[in-house]
Amino acid sequence: MGTKLTIKPVQEWSIYKGRPLIISGPCSAESEDQLMDTARQLAALKKVDVYRAGIWKPRTRPDAFEGVGREGLMWLRDVKRETGLPTATEVANAAHVNDALKFGIDVLWIGARTSANPFAMQEIADALSGVETTVLVKNPVNPDLDLWIGAIERISRAGVKQIGAIHRGFSAYEKTAYRNQPKWQLPIELRRAIPEIPLICDPSHMGGARRFLYEIAQKSMDLNYDGLMIESHNDPAKALSDKNQQLTPNDLQELLSRLILRQPLSKDSKFLDVLGELRSQIDIYDDQLLDLLEQRMCVAETIGKYKKENSITILQTSRWEEIIQKAVSKGSSKGLSEEFINLLFKAVHQESINHQNVIMNS
Ligand code: PEP
Ligand code: MN
């Protein structure tokens, strides 16, 4: 994939106090009181490493709350003075970068709508040229691994060494339980392409609802992510953005205390750690296999309806021959035996026929 990047391991970052790195704070800075009160409560937990708040909010529709702007940077500076917490905010252009640096923001993150835009990424990278700071790059809204890698490369080429990737999920047209699809294989592939990149999971924007946050956070820990970014608010019900996904500081503490972390201490537990991560990857691929099978059966049922309307038989031998031959030859190029492909495809085909039968006879 090309360039070797110089990325400082997360263990050497000054904001890192141990795994997982916890970044928390409101979706948006809304008022001086809301920002300071939330920060005080989070600081008291002694579990939060970085305080986040959006100052400029990229909103899907024009009438939504677009953030308090520069004024919020002063509030964040006060939060840092009072609580000692390093601060983080989202930047989407060069002016944001310059303002945030001026007010001593410690971590700049790049949102999903911005990392999808190479022009904006290059503008931000140029503004960061030669600056020693920490930059976290969210995955682009669309599941395009190269776009994510490209955004990271631009920041790296500007000379920034403390770069991390935030996995916040990918948007889809279909309505699904989660607000954004995890597509866990993408961050896994990102790590294969850039093994040294610290990986942070954002369960808030992925789940979009409080009830999903724990399961997503746990999954990311099982995949050996380095940290979590979780939105919290002193009064979530009154939040001006993302109110359904923000936690009170108390609920954040409760979530964090339930997280199971495998400790890579001895040689033995290191082994279990790796094994656990690999098994989580297997679980993800198994889930995808099931999702794909479900989709395949849906199409089979549609075909069943269509055949019924046109009075055509279910089994068409020539079509089946064609499918199995293609699968055997493609399978062998992927290291899958003819015997396995025959068994698998016969089973899948039989299941499709069963689904079609139900439709034809209904
Ligand atoms: C956010 O972190 O508040 C945000 C806008 O996130 P994203 O870019 O992931 O939508
Ligand atoms: Mn948000």
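For this structure, a couple of remarks:
- If you filter the range 200-227 down to residues that are in contact with a Ser or Thr (Cβ under 8 Å, 6 or more places away or on another chain) and more than 14 Å from ligand 2 (Cβ to nearest atom), you find that the one that is modelled with the highest pLDDT is Cys201.
- For the range 103-148, filtering for residues that are within 14 Å of Ile166 (Cβ to Cβ) and either over 22 Å from the mean Cα position of the chain (by Cα) or aromatic (Phe, Trp, Tyr) (or both) leaves 2.
- Residue that is among the acidic types (Asp, Glu), surrounded by 14 or more Cβ atoms within 10 Å (Cβ to Cβ), in a helix (DSSP H, G or I) and not assigned by TED's automatic domain parsing to the domain that holds Ile22, where the choices are Glu301, Glu339, Glu294, Glu322: Glu301
- Residue within the range 247-258 that is outside the structural domain of Leu344 (by TED's automatic domain parsing) and outside any helix (DSSP H, G or I) present: yes
- Residues in the range 126-144 that are in contact with a Pro (Cβ under 9 Å, 6 or more places away or on another chain) and not hydroxyl-bearing (Ser, Thr, Tyr): Leu136, Asn139.
- The number of residues in the range 27-61 that are in contact with a Pro (Cβ under 9 Å, 6 or more places away or on another chain) and within 15 Å of ligand 2 (Cβ to nearest atom) comes to 7.
- Leu5, sole failed condition from (1) exposed (fewer than 13 other Cβ atoms within 10 Å of the Cβ); (2) not assigned by TED's automatic domain parsing to the domain that holds Asp222: (1)
- Every residue from the range 60-91 that is within 25 Å of the chain's Cα centre (by Cα), over 22 Å from Gly227 (Cβ atoms) and either surrounded by 14 or more Cβ atoms within 10 Å (Cβ to Cβ) or not assigned by TED's automatic domain parsing to the domain that holds Thr38 (or both): Phe65, Glu66, Gly67
- Pair list, Cβ < 6 Å and 6+ apart or interchain, from the range 90-113 residues that are closer than 19 Å to Asp49 by Cα to residues that are in a loop (DSSP other than H, G, I, E, B) and of a type outside the set (Asp, Glu): Glu90/Gly111; Ala100/Val91; Asp106/Pro86; Leu108/Val91
- Scanning the range 222-246 for residues that are in a loop (DSSP other than H, G, I, E, B) and surrounded by fewer than 16 Cβ atoms within 10 Å (Cβ to Cβ) yields Asp235, Lys243, Asn244.
The values are calculated or read from the model by the stated rules, or taken from the named source; none is laboratory data. Keep in mind the model is a prediction, meaning the values are calculated, not measured. Because the Cβ atoms are built from the backbone with ideal geometry, glycine has one as well, and the counts that use them run over all protein chains shown.
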